[in-house]
Amino acid sequence: MQEGLLHKEIDETRQGEAFAPFTNEVNRYKKKFYIESYGCQMNFADSEIVAAILNENGFGATRNAEEADLVFLNTCSIREKAEQTVRKRLTEFRKAKLQRPGLLVGVLGCMAERLKNKFLEEEKLVDMVVGPDAYRSLPSLIEEAETGQKAVNVLLSRDETYADIAPIRLGNNGVCGFVSIMRGCNNMCSFCVVPFTRGRERSRDAHSIVKECSDLFEQGFKEVTLLGQNVDSYYWMDEQNDEVVTFANLLEKVAMVSPLLRVRFSTSHPKDITDEVLFTIAKYENICNYIHLPVQSGNTRVLQLMNRTYTREWYMAKIDRIREILPDCGISSDMITGFCTETEAEHQDTLSLMRYSQYDLSYMFYYSERPGTLAARRFTDDVPLEVKKRRLQEIVDLQNLLSKESNIKDLGKTFKVLIEGDSKKSSADWMGRNSRNKVIVFAKGNSNFKKGDYAMVTVTDCTKATLMGKLADV
Ligand code: SAH
Ligand code: SF4
Ligand code: F3S
């Protein structure tokens, strides 16, 4: 499990999932690669770019590490625990390498970028270290590694967006697709390693984004999630049409691909989300009523130390504005407990802000100092671990209550649900989500619905994490 996470259901960053497309074509390729991904959705989307680059160059994906010639771990550095998980996994591959000397192991992504050459000193059996902007060089790095040299490319770029590369969809349900719209981050939140591992923010060509979304729709996908660390600062100059494309404009363009294609996005920074974005969500039925708006702390002094550039009151006003323009909008958040010098009273401010915001869901962590960040250089990580953990437990308990309350409000209501597949527990039930991003499980009964269809479902029961329902009488 991720550090700071007490419940599986609040784990936003995923751990070590191995993906490969279901295909028999793998035997066509000269060599096989296995890729395991950690961290945020953007990192998972990157693994799909990596798969496309490798495919182009004669490598086929496999889900079975034991038959792979190349093993890649696409890594995350966000908290110390995330890095520990990867190191543990590397020890396992080290053993495999001793048995199979030809096997090459590559570390990709944020940990590769953070540690660079140091990685090779620390983990002697790693053959390749490749940062998030260097994936185009993978084929030549593999060649280099095959001759027995260590291969490293951790150059960050100001313009790489992999816009022209059609990702190979790995391990998806064929209904929901993820599309990166930008890379990097220019916000220097003092606790965060991302600006160091992902580099400067850059937006991807809007035409290539819209094309990727319509291609997905043509392949049968019914939902796209536009991904970026801070989607509201998306900005792209369309030289051809002499037009600036803002995030609101982009949302509109993607929404117009088809009214049957749902549009989601993540993550919004409270300081950047505009009324224009909110009005665009209101205008299109297929843009989902759900905003992930991480607050991190409910106290203005702590927010200032975090360099989040807004105050408690400013955030509250943003919540009010969302509720005013989009009365049915789901809102979720990220919170960090025990940031440097956080007092008990300041922690209480986080709890009261959570109540004010009435979050449907939160991803909650305790502070983990990251080397090189502003906070690591300027402040002392002085809140004892047990205090961080106790505060975390308090916000988790409160969030559970808020989630349950929010779900209880939905009892008796009817929602349009996009069916994503069988429910985890029973193949007699469908699982889907409503516009507000709530998971709904309902009996298939005698209906002719299939995965990817929309169904009207009335909520009959709930837990804190799931709504249960039945097909609505229409
Ligand atoms: N771009 C997003 C966040 C990306 S990281 C945003 O601005 O909200 C996802 C979450 O991890 C953050 O929102 C934060 O809550 C958490 N996080 C980041 N750095 C952390 C650290 N050093 N310790 C604990 N949690 C951290
Ligand atoms: Fe990190 Fe802040 Fe950028 Fe999010 S906005 S990725 S928390 S620096
Ligand atoms: Fe982790 Fe890098 Fe994402 S640090 S959260 S994988 S951007």
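Things worth noting here:
- Among the residues of the range 348-361, none qualifies, meaning not one is near ligand 1 (Cβ under 9 Å from one of its atoms), in contact (Cβ under 8 Å) with a residue 60 or more places away in the chain and not in a loop (DSSP other than H, G, I, E, B).
- Of everything listed in (1) in contact (Cβ under 8 Å) with a residue 60 or more places away in the chain; (2) over 12 Å from residue 395 (Cβ atoms), the single unmet condition for residue 325 is (1).
- Those strands (runs of 3 or more DSSP E) of the range 208-319 in which at least 3 residues are within 25 Å of residue 110 (Cα to Cα) and either within 16 Å of ligand 1 (Cβ to nearest atom) or aromatic (Phe, Trp, Tyr) (or both), considering only elements entirely within it, cover 223-227, 262-266.
- Beta carbons closer than 6 Å, at least 6 apart along the sequence or on distinct chains, pair a first residue in the range 280-304 that is over 16 Å from residue 356 (Cα atoms) with a second that is buried (at least 22 other Cβ atoms within 10 Å of the Cβ) and of a type in the set (Asp, Glu) for 302/342.
- Hey, residue 373 out of contact with any helix residue (DSSP H, G or I) (no Cβ under 8 Å at 6 or more places or on another chain), outside the structural domain of residue 84 (by TED's automatic domain parsing) and among the hydroxyl-bearing types (Ser, Thr, Tyr) or not: no
- Of all residues in the range 172-207 being assigned to a strand (DSSP E or B) and of a type in the set (A, V, I, L, M), the one that is nearest to the chain's Cα centre (by Cα): 179
- Selected residue (criterion: farthest from ligand 2 (Cβ to nearest atom)) from residues of the range 201-220 that are out of contact with any helix residue (DSSP H, G or I) (no Cβ under 6 Å at 6 or more places or on another chain) and under 22 Å from residue 292 (Cα atoms): 209
Let's see how each residue does on (1) away from ligand 3 (no atom under 14 Å from the Cβ); (2) hydroxyl-bearing (Ser, Thr, Tyr); (3) crowded, with 17+ Cβ neighbours inside 10 Å:
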| site | (1), (2), (3) |
| --- | --- |
| 148 | yes, no, no |
| 156 | no, no, yes |
| 162 | yes, yes, yes |
| 182 | no, no, yes |
| 190 | yes, yes, yes |
| 193 | no, no, yes |
| 196 | no, no, yes |
| 209 | yes, no, yes |
| 221 | yes, no, yes |
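- Condition met for residue 333 (within 21 Å of residue 439 (Cα to Cα) and either more than 16 Å from ligand 2 (Cβ to nearest atom) or crowded, with 21+ Cβ neighbours inside 10 Å (or both)): yes
The values are calculated or read from the model by the stated rules, or taken from the named source; none is laboratory data. A quick note: this is a predicted structure, and the numbers were derived from the prediction, not measured. Here Cβ is always computed from backbone atoms with ideal geometry, including for glycine, and neighbour counts include all displayed protein chains.
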